[in-house]
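In what follows, a single structure is set out as C-alpha cells and then discussed.
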There are 2 protein chains.
Amino acid sequence: MPTSITRESPSSSRQDILRASARLFREQGYDATSMNDISAALKLSKGGLYHHFRSKDEILFHIMNHAMDITEARVLTPIRDIQDPEERLRALIRLHIELVLRARDREITVILHENHPLPTGLRKRVNARKKGYIHFVEELIAEVQRSRKNSKVGPRAAAFALLGMINWIYQWYRPEGELQEQDLIRQYTEIFFAGAFA
Amino acid sequence: MPTSITRESPSSSRQDILRASARLFREQGYDATSMNDISAALKLSKGGLYHHFRSKDEILFHIMNHAMDITEARVLTPIRDIQDPEERLRALIRLHIELVLRARDREITVILHENHPLPTGLRKRVNARKKGYIHFVEELIAEVQRSRKNSKVGPRAAAFALLGMINWIYQWYRPEGELQEQDLIRQYTEIFFAGAFA
C-alpha cells in the first residue's frame, strides 16, 4: 500500500497498469506477455509493478473485475432511478451497446469474454459478478413481461439472447462500417422488444 | 505428402492433430502451447508433426479453416434444397444451434471466436470465409423479409443479432443446465422470427 512519496511517475497508477496490460494481452496474447513486458510498456521498474500486483494472474483478475465495475457504473447505476420497467430495459440496451462501442473501454471489457486460464478462486469471483449482471437483466425482462401480455419465451432465454446480441458486437463492429451506433441501438431494441415480448 | 508406408500410428492424421491442438490451445492457451506439447499429446515424433504442419500458425489456421468446413457441412449443405426461404432459415437456426452445442466440435468451432494473433495473409483467408457465412445469413433474412410484410429492421443488423445470439451460447451453456437444446432452439427461433419480421 503506498503510504509515502514514491518516485513512480503518475502513469504507474493501478488503472494505467490494467489498461496497458489489457492492450498487451490483446495484441500479443496473454501467455506471451510477461511482467517484464508490462513494466517496460509503462516505463515502470519491476519493483514498481510488483508493488501493485504480485502476478500476471492477479492483473488479469483485476482487469476483469474492473470491466465489471465499468459495466455497473455505465449501465446499472444510470438506470437505477427509472421507474417504468420497459423504459429501464430500453435504457439498459442503449447504455450497454454504447459501452461495447466505447473504444476507450473496449480492451478492458473484451477480456471478460476471452478464454483465459485463471486460478479457480479468482475465476469464481469473476463468474459470480457476471452472473449477477445476467440475473439483473433476466429479472428486468421478467418484469416487463409481467407488465405486458404474456410472452412465448422465458426471461432466461431472452436474457441470454439479448446479451449475446450485444456482447457479440465487438466481433464484427468497425467504426468506419455501415451500421453506426444510433442505428444499431434502434434496430437491436426493435428486434429484442418485438422478439421477447411478442 | 505421405506416399509410402510410415511408422506413424493412425492417430497422426491431420484431423487428429487439429483436434488435439485445439484442445491444448483451449486448456493452456495458444501461446503457452508448443509444437513439442502437441507432438507429445499425440505420441507423435516431431518429424511426424512437422510432416503435416510447418508451424503453430499453420495449425491454428487449419483449425479455423476446418471449423468453417464443419459449419458449411452441418448447416449450409443440409438446407441447400429447402425451397421455402422461411423454412430454410428455421432449419439454419436449428442446425447452427445444434452445431454450437455439439461437444465433439466445440473446441474446433470456438477457436473462430477467440482473439488469436494470426499472420495477416492467413487471417484474411479465415475472415473471408466468416464473411461468406454472414452474407449468406443476411441474404436469407432479406429473402424472408421480402416474402412477408416489410420489417422495421435491416437484414444486416438482423443477421448480426442472430449470429450473436447463437455464437454466444458457448459462453453460458452448461449441459446440466436448465435450458436444454430443443427448448433453446424453439425460444431462439421465436425471438428471432418475432424480432426480425415483426
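Taking A:Lys56, is it surrounded by fewer than 13 Cβ atoms within 10 Å (Cβ to Cβ) and under 17 Å from A:Ala20 (Cβ atoms)?
No: the conditions fail for A:Lys56.
How many residues does segment A:26-74 contain that are of a type in the set (A, V, I, L, M, F, W, C) and within 22 Å of A:Leu99 (Cβ to Cβ)?
Number satisfying all stated conditions: 9.
So B:Thr120 passes all but one of these: (1) at pLDDT 95 or above; (2) surrounded by fewer than 20 Cβ atoms within 10 Å (Cβ to Cβ). Which condition number does it fail?
Condition not satisfied by B:Thr120: (1).
The values are calculated or read from the model by the stated rules, or taken from the named source; none is laboratory data. Only a predicted model underlies this, so the values are computations on that prediction, with no experimental measurement involved. Note that each Cβ is placed from the backbone with ideal geometry, even for glycine, and that neighbours are counted across all protein chains shown.
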